[in-house]
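Structure record follows, encoded as structure tokens.
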Amino acid sequence: MTQNGQRNTKDDTLDDDNNNKDLLQQIASSFRSGVEVKDRKYRLMTFKQCFIGSDAVDFMVSNGIASNREEAIKLGQSLMTELSLFEHVTRDHPFADDHLFYHFIDRGDVSINPVTKEKFQWSDYLDPSSSTSYSSGGMSLQPTLPVPNMEYVSPNDVHVASHIWPLDDHNLQLLDHVHPTGWKDPTSQNKYDLVVIGGGPAGLVTAAGAAGVGARVALIEANFLGGDCLNMGCVP
């Protein structure tokens, strides 16, 4: 927005981009719930929980998501490339109006907190009434910082919560990025090409490099993504 109240072209572009992303997310939600997903066979092979490209095009056209089949193909390709919503079962074809099999990609996600109705965050575990401050003569010499209520922390995350202090806004944001609490592991429809154990600098580079050339990669990390170097070593 300019000083005279007129909209800036750059602002308009950003708004348009955000609106397009929101619209594509809405289409993705309808697409995922609407296409028929089931086990299918081809040349004596069974492909688990997949849908057919031409059926997906039929769904988008018949439900008014796309005005014609050509538009539906472009939408499907956007869902596949921009949102990584699904992929060809053998990763050999782009989205097409053909009898090709595709399955949705499950990359894992953070569970929903039943109290807040939003994704779990480490701040959900803080006890506001707790204090880690030291006192002398009744006067606090340190800032009051909340500590996690370990009773409610997931057993899979307790070891992480006990290694990070203080749990101020900065460290909470760090934990949400390098060890999201309540994480649900993805379910792969096919075998992985590479399994990387350890998400330190070497593991992250290896996993990203292999995925970049088309490999299906699983990365396993029990503690902090980025390893000691990022979280408690040379980078800070």
### Task
Return the sequence-ordered ³J(HN,Hα) values of the range 106-113 in whole Hz as given by the Karplus equation 6.51 cos²θ - 1.76 cosθ + 1.60 applied to θ = phi - 60°, using x for Gly and Pro.
9, 9, x, 6, 7, 5, 8, 6
### Query
Can you list the residues of the range 52-68 with backbone N under 18 Å from a point 7 Å past the Cα of residue 20, pointing along Cα to Cβ?
66-67
### Query
If you take the alpha carbon radius of gyration of the range 28-83 and divide it by 2.2 N^0.38 Å, what ratio comes out, to two decimals?
1.19
### Message
For a Förster distance of 25 Å, can you work out the FRET efficiency between the beta-carbons of residue 39 and residue 62, rounded to the nearest 0.05?
### Response
0.60
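Mind checking the per residue accessible area of the range 50-89 for me, 1.4 Å probe, whole number of Å²? It would help to have the intermediate numbers written out before the result.
Working: 1740 Å² over 40 residues.
That works out to 43 Å² per residue.
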### Message
Distance cut-off 24 Å, Cα to Cα: go down the list 21/74; 119/191; 117/184; 38/191; 21/191; 48/184 and report the pairs above it.
### Response
119/191; 21/191
### Message
Normalised by the empirical 2.2 N^0.38 Å for globular proteins, what value does the Cα Rg of the range 180-228 take?
### Response
1.15
### Query
Tell me, what % of the accessible area of the range 28-122 is carbon and sulfur with a 1.4 angstrom probe?
49
### Task
Could you state how much accessible area residue 91 has, in square angstrom rounded to the nearest 10, with a 1.4 Å probe and all protein chains kept in place?
100
### Query
Between residue 46 and residue 96, 0.36 nm times their residue separation minus their Cα-Cα distance comes to what?
16.0 nm
### Message
For residue 109, what residues show an amide H to amide H distance below 5 Å, using hydrogens built from the backbone and excluding near sequence neighbours?
### Response
184
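The values are calculated or read from the model by the stated rules, or taken from the named source; none is laboratory data. Source: prediction; values computed, not measured. Every residue, glycine as well, gets a Cβ built from its backbone with ideal geometry; the counts of neighbours run over all protein chains shown. Areas reflect the complete protein model, heavy atoms only, side chains present, ligands, DNA and RNA absent. Shrake-Rupley method; radii C 1.70, N 1.55, O 1.52, S 1.80 Å.
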